[in-house]
Amino acid sequence: MKPVVQLERTGCGIASVAVLAGVRYVQAKREANRLGIFAEDRRLWSDTQPVRRLLAEYRIQTSRREYPFVSWAALPEIALLAVKWHRERGRPFWHWVVFWRSPHGPVVLDSKRTLRRHIRTDFGRMKPKWWIRVERETVGRGR
């Protein structure tokens, strides 16, 4: 898997799907927009359903529920993580990233545009709240 940089300030959900689908950000954005999912829509980073719908379009299977983060060691081979979780006016918000147990060790693929490195191993700095399992055999199919 390769990191995908979000081209919009709020495009982390779309970029995370692009990573898992093995497509460019613009391709995932075009598919998301076709489904009525837009980076500017606050639901994209406070609700799992828009990302789940986009994943389903790429036939990427995930767990039906979110699991509370316990430890990095307890994560599956591939997972979507909610980091930077916080509340605004009583509503939860987070930043989407992809966790992957790569052949060279575990990494987080972070789409945030301002990062110097989008492959992260500074696990102590990231504070995941919960995660969604991604089924390995469905990753990277693209379209």
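A short reminder: the numbers here are calculations on the coordinates, not readings from a lab. Treat the numbers as computed from the prediction; the structure is a model and nothing was measured. As a convention, Cβ positions derive from the backbone with ideal geometry for all residues, glycine included, and neighbour counts pool all protein chains shown.
Couple of notes before you dig in:
- Loop-located GluC sites (Glu not before Pro) in the range 1-40, at most 13 other Cβ atoms within 10 Å (DSSP): E40
- Backbone N within the range 1-19 under 18 Å of label point (7 Å from T121 Cα along the Cβ vector): 1-3
- When the trypsin sites (Lys or Arg not before Pro) in the range 1-93 are filtered for DSSP coil states and for at most 16 other beta-carbon atoms within 10 Å of their beta-carbon, the remaining sites are R9, R24, R59, R64, R65, R89.
- Global form of the chain, assessed from the alpha-carbon gyration tensor, a/c cut-off 1.5: rounded
- In this rough spin-label picture, where each label sits 7 Å from Cα along the Cβ direction, the A56-R34 distance is 1.6 nm.
- Student exercise, the chain dipole from Lys, Arg, Asp, Glu Cβ charges, in Debye to nearest 20: 220 debye
- Mean-square fluctuations from a GNM of the chain, with a 10 angstrom spring cutoff on Cα atoms, peak among L20, L54, L35 at L35.
- Subset of K2/K129; K29/K127; K84/K112 violating a 21 Å alpha-carbon distance limit: K2/K129; K29/K127
- Restricting the range 63-122 to GluC sites (Glu not before Pro) that sit in a DSSP loop and have at most 14 other Cβ atoms within 10 Å of their own Cβ leaves E77.
- Computed about its Cα centre, the charge dipole of the range 58-130 is approximately 320 debye, with only Lys, Arg, Asp and Glu carrying charge at their Cβ.
- For the range 59-73, putting each phi into the Karplus relation 6.51 cos²θ - 1.76 cosθ + 1.60 with θ = phi - 60° gives couplings of 6, 9, 8, 9, 5, 6, 10, 9, 10, x, 6, 10, 6, 5, 5 Hz, in residue order, rounded to whole numbers and with x for Gly and Pro.
- For the chain, share of DSSP beta bridges that run antiparallel, in % to the nearest 5: 100 percent
- Helix-only mean residue ellipticity at 222 nm for the chain, each DSSP H run of n ≥ 4 adding -39500 (n - 2.57), per residue, nearest 500: -6000 deg cm²/dmol
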